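**Q** I have a structure I would like to understand better, so I am pasting it below and will then ask my questions one at a time.
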Amino acid sequence: MARTVFVNGEFLPETEARVSIFDRGFLFADGVYEVTAVVNGKLVDYGPHMERLGRSLAELRMDWPCTRDELDAMHLEIVRRNGLKEGIIYMQVTRGAADRTFNFPKEPVKPTLIAFTQEMKLAQNPNAVTGIKVITTPDLRWARRDIKTVMLLAPVLGKQEAYEKGAQEGWMVEHGYVTEGTSSNAYIVKDGKVITRGLSNEILAGCTRRALFRLAKEHGVEIVERKFTPEEAYAADEAFLTSASQFVMPIVEIDGKRIGGGQPGPVVRKLRELFLAEAGG
Ligand code: PDD
């Protein structure tokens, strides 16, 4: 059945949705996006996603496409119209359609806002039971990874390399240290402590990461914010990633090396459980 999608203020069947070929998102990747999880028909971490959207827009000097209230209503309505129980809402804002010039259009143009839903198994994702495999790959991205732009070619190539090597995610490496996953934040566990890179322009401030920090604090799990190398990760007791579409996902192999005996460990299992309890899974 065709989904109902959202384009510039209108709900339409996906087959009727149209965006201009002059859209700057299409021509320059001049746009930002958010992915929000839905569990039991409810949005997960929605407030932080919209906060980050506001920050991404401001960093690129782009206007909000509509009011925050309208955006909130759109998110709820797209879930309702598609009868979405579990999956994600993808939403994207671009600087709009204009004649192709690198600089911003001289005449003000309306930003383009689109959104669609995608059904996915999130709470009952079978990967969470077995754990997943990751490989390391060079981080080829630009210097402002704190902005959630649609410029995703480096992550596309990194994820493809991972799939071709039989893994599900790529951990990107820069100056010898893991930055983050191609579409997730990266963590290891050593002696009961969670280790993850601190926030900076070098990684995206994950909304799932933020929730994880809060839950860990509430439940006495220590998190240390510092960089780690692939070699340190190979020797870790546990490893995992977080994202809106994977939640807290155990990793059991990195570059072909088994982590923690090849089974999801106790710390990641507990953190995933806490996250699911809150998300309503
Ligand atoms: N990606 N780092 C990168 C590079 C990401 O693309 C993502 C999310 C994250 C995790 O952020 P959050 O917890 O807010 O989802 C970290 C989304 C899911 C995507 O592009 O599909």
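The values are calculated or read from the model by the stated rules, or taken from the named source; none is laboratory data. Predicted model, so just to flag it, every value in this text is computed and none were measured. Don't worry about glycine lacking a Cβ; one is built from the backbone with ideal geometry, like all the others, and counts go over all protein chains shown. With ligands, DNA and RNA removed, areas are computed over all heavy atoms of the protein, side chains included. Shrake-Rupley method; radii C 1.70, N 1.55, O 1.52, S 1.80 Å.
**Q** For the range 181-281, state which trypsin sites (Lys or Arg not before Pro) are in a DSSP loop and have at most 13 other beta carbons lying within 10 Å of their beta carbon. Let's see the in-between values first.
**A** Details: sites: K190, K193, R197, R209, R210, R214, K217, R226, K227, K257, R258, R269, K270, R272; in loops: R197, R226, K227.
Sites meeting the loop and neighbour criteria: R226.
**Q** Which chymotrypsin sites (Phe, Trp or Tyr not before Pro) does the range 191-281 hold that lie in a coil by DSSP with at most 10 other beta carbons within 10 Å?
**A** Numbers: sites: F213, F228, Y234, F240, F247, F275; in loops: F228.
Of the chymotrypsin sites (Phe, Trp or Tyr not before Pro), not one in the loops of the range 191-281 has a Cβ with at most 10 other Cβ atoms within 10 Å.
**Q** Still on this model: Probe of 1.4 angstrom, ligands and nucleic acids ignored: what's the accessible area per residue over the range 101-156, in square angstrom? Before the final figure, lay out the partial values.
**A** Working: 3300 Å² over 56 residues.
With all protein chains present, the range 101-156 gives 59 Å² per residue.
**Q** Okay, next question. What is the projected area of the convex hull of the Cα atoms of the range 160-281, averaged over all directions, in nm²? Intermediate values should be presented prior to the final figure.
**A** Values: hull surface 28.8 nm².
Over all viewing directions, the range 160-281 projects a mean Cα-hull area of 7.2 nm².
**Q** Long-range amide H contacts for T182: which residues qualify at under 5 Å (H placed 1.01 Å from N, peptide plane, sequence gap of 5 or more or a different chain)?
**A** Under 5 Å from the amide H of T182: G170, M172.
**Q** Quote the relative contact order of the range 24-65 in percent (integer), defining contacts as alpha-carbon pairs under 8 Å separated by 6+ residues. List each step's numbers first, then the result.
**A** Numbers: 23 pairs, mean separation 11.7, N = 42.
About 28 percent, as a whole number.
**Q** Treating only the Cβ atoms of Lys and Arg (+1) and Asp and Glu (-1) as charged, compute the dipole magnitude of the chain about its Cα centre; round to the nearest 20 debye. Display every interim value, and only then the final one.
**A** On the way: 37 positive and 38 negative charges, 23 e Å.
Rounded to the nearest 20 debye, it is 120 debye.
**Q** Pop a pseudo-label 7 angstrom from the Cα along the beta-carbon direction at both R226 and F26 and give the gap in nm to one decimal.
**A** If labels sit at R226 and F26, their model points lie 4.9 nm apart.
**Q** Taking the Cα atoms of the chain alone, what are Rg (to one decimal) and Dmax (as a whole number) in Å?
**A** 19.1, 60
**Q** Oh, and also: Quick check: pseudo-label points 7 Å beyond the Cα along Cα→Cβ at Y177 and Q263, how many nm apart are they?
**A** 3.4 nm
**Q** Averaging sequence separations of C-alpha pairs under 8 Å and six or more residues apart, then dividing by the length of the chain, give the relative contact order as a whole percent. Mind dumping the intermediate values first?
**A** Working: 561 pairs, mean separation 51.2, N = 281.
Normalised by residue count, the contact order of the chain is 18 percent.
**Q** Could you work out the relative contact order of the range 121-200, using alpha carbon pairs under 8 angstrom and six or more residues apart, expressed as a whole percent?
**A** Numbers: 88 pairs, mean separation 20.9, N = 80.
Relative contact order here is 26 percent.
**Q** Next question. Give the distance, in whole Å, between the Cα centre of the range 110-151 and the Cα centre of the range 254-281.
**A** 18 Å
**Q** Here's a follow-up. In whole percent, and with a 1.4 Å probe on the protein chains, what portion of the accessible area of the chain is carbon and sulfur? Don't jump to the answer; show the numbers that get you there.
**A** Values: 7340 of 13720 Å².
Looking at the chain in its full context, I get 53 percent from C and S.
**Q** Can you compute 3J(HN,Hα) from phi for each residue in the range 126-131, using the Karplus curve 6.51 cos²θ - 1.76 cosθ + 1.60 with θ = phi - 60°, rounded to whole Hz and x for Gly and Pro?
**A** Once rounded to whole Hz, the list reads x, 4, 5, 7, 8, x.
**Q** At q = 0.11, 0.22 Å⁻¹, what base-10 log of I(q)/I(0) does the Debye formula yield for the range 1-135 when every alpha carbon is treated as an equal point scatterer in vacuo?
**A** Once normalised to I(0) and log-transformed, intensities are -0.45, -1.31.
**Q** Also, quick follow-up: Given charges of +1 on the Cβ of Lys and Arg and -1 on the Cβ of Asp and Glu, with all other atoms neutral, how large is the dipole of the range 101-149 about its Cα centre, in debye to the nearest 20?
**A** That gives a dipole near 80 debye.
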